[in-house]
Amino acid sequence: WNTYVKSPNHYITPEQYKAVAAMRVCRTEALGIDHYVCEECGEISQVYHSCKNRFCPTCSWKDTMKWAEKMKTQMLDIPHRHVVFTLPHKLNNLISDNKRELLSALFKAAAEAIKDWMMHKYKLTPGIISVLHTFGETKQLHPHIHMILSWGGVNKNNCLEEITGEYVNYKFIQTKFRCKFEDKLFEMFDSNTLEQNFSDRIEFLRFIKRVNGNSWRVHFEPAIQIPEEVIRYIGRYSKRACISEYKITNIDGENISFKYKDYKNLDFYGKPIEKEITLNYREFFPRLLQHVPLPYFRIVRYYGAYAARTKAVLNKTLVKITNKTSEAPEIEENAETYEMAENPRICKNCNTEKTYLFSTFKNKKNETIYMTRFRPEKNKIKKTAA
């Protein structure tokens, strides 16, 4: 990274610098260490501070687990379906140059396409949780929305209705999705707010015509009946980072290798074959950095019955899933879960909560600085053998 920064292939934005800098010092002395002691046996443990950056694989995974735990108390007590909306790759250059506006348009177009169809077909307002992913398996630009959709919703009488069967009018939804997104493109082009290289409107219209010939993909998974499975899906497709550390298989000099799933090649059981790709660091970093979230840009959004203003009105119809589940479901597909298995603030010997002692930090001169969070009279600590 230090070598790449001196002569990058592409401009590195302040957000990208910040994300990489945060990840490099995450859970190190640079961010600080909290020291805890067991007052019964004197055992001392250390808790390293995290960077809390959305691009950090470890921090984003912990944030996902907390978020999924919170969401299970707010889900409609009906089956849900996993839906994926994908834009044609011919739009990638426009999206790269107009990320904030067009990614927001992607959110809105996907949600409105679903809401229009559900209202037209069933006269229901569904609950929608939309999560943006900008990356594919090989970390190329691949903007798509993972949506958790309630298979049913709230009718005009504010009562909850479940949909029977799994019929989906794909053509209706795909057309709505395409038209609503393209409406935003035309609006931006006509107002001169679209960053583009078209010579005139005729060339722009020709481009739109070519894009219309591509597939605006919409994919529905079967309905999920069990609440625990709904939460597992939320965890798997929510705020996870672009790449997890356990997927990086080798770093050899200037080359970096990582594993990915090839969905175009399936095994005997219909599952994607796992492959490995090796990239030079000068290609790896730009490919990765393009997915750093924009500042103050929400990558998870709620619509329909899950929108904030609607939930306030429909609060009585929202049945908590936790009434049916005794414990939180396990969220799979990440190696970082090992960090949650042991709480350093609980003594392994006495099974009691430890007392906070002090915090240490490294300053710019690499000197250790000692600090305490509380005034001594408010946090009396018994003397223990260190």
Quiz prompt | Residue satisfying condition, being crowded, with 18+ Cβ neighbours inside 10 Å, at pLDDT below 95 and more than 28 Å from Pro293 (Cα to Cα), within set Trp151, Trp117 | solution = Trp151
Quiz prompt | Among the candidates Arg210, Arg232, Arg178, Arg201, residue that is modelled with pLDDT of 90 or more, closer than 25 Å to Glu137 by Cβ and assigned by TED's automatic domain parsing to the domain that holds Ile78 | solution = Arg178
Quiz item: So, in segment 13-38, of the ones that are within 18 Å of Arg287 (Cα to Cα) and aliphatic (A, V, I, L, M), which residue ends up farthest from the chain's Cα centre (by Cα)?
Solution: Ala21
Quiz item: When segment 160-174 is examined, which residues are found to be more than 14 Å from His120 (Cα to Cα) and either surrounded by 12 or more Cβ atoms within 10 Å (Cβ to Cβ) or among the small types (Gly, Ala, Ser) (or both)?
Solution: Leu160, Glu161, Glu162, Gly165, Glu166, Gln174
Quiz item: For segment 195-221, what are the residues that are in a loop (DSSP other than H, G, I, E, B), out of contact with any strand residue (DSSP E or B) (no Cβ under 7 Å at 6 or more places or on another chain) and touching a residue at least 12 places away in the same chain (Cβ under 8 Å)?
Solution: Glu195, Gln196, Asn214, Ser215, Trp216
Quiz item: Which of the strands (runs of 3 or more DSSP E) contained wholly in segment 29-143 include at least 3 residues that are touching a helix residue (DSSP H, G or I) at 6+ places or on another chain (Cβ under 8 Å)?
Solution: 80-86, 127-135
Self-check item: Filtered residues of segment 149-175 (kept if among the aromatic types (Phe, Trp, Tyr), over 26 Å from the mean Cα position of the chain (by Cα) and more than 21 Å from Leu106 (Cβ to Cβ))
Solution: Tyr167
Quiz prompt | Some residue of segment 8-27 being acidic (Asp, Glu), within 28 Å of Leu289 (Cα to Cα), touching a residue at least 24 places away in the same chain (Cβ under 8 Å) and assigned to a helix (DSSP H, G or I) | solution = yes
Self-check item: Filtered residues of segment 74-104 (kept if surrounded by 20 or more Cβ atoms within 10 Å (Cβ to Cβ) and among the hydroxyl-bearing types (Ser, Thr, Tyr))
Solution: none
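The values are calculated or read from the model by the stated rules, or taken from the named source; none is laboratory data. The structure presented is a predicted model; accordingly, all values stated were derived computationally and were not measured. All Cβ positions, even for glycine, are placed from backbone atoms using ideal geometry, and neighbour counts span all protein chains on display.
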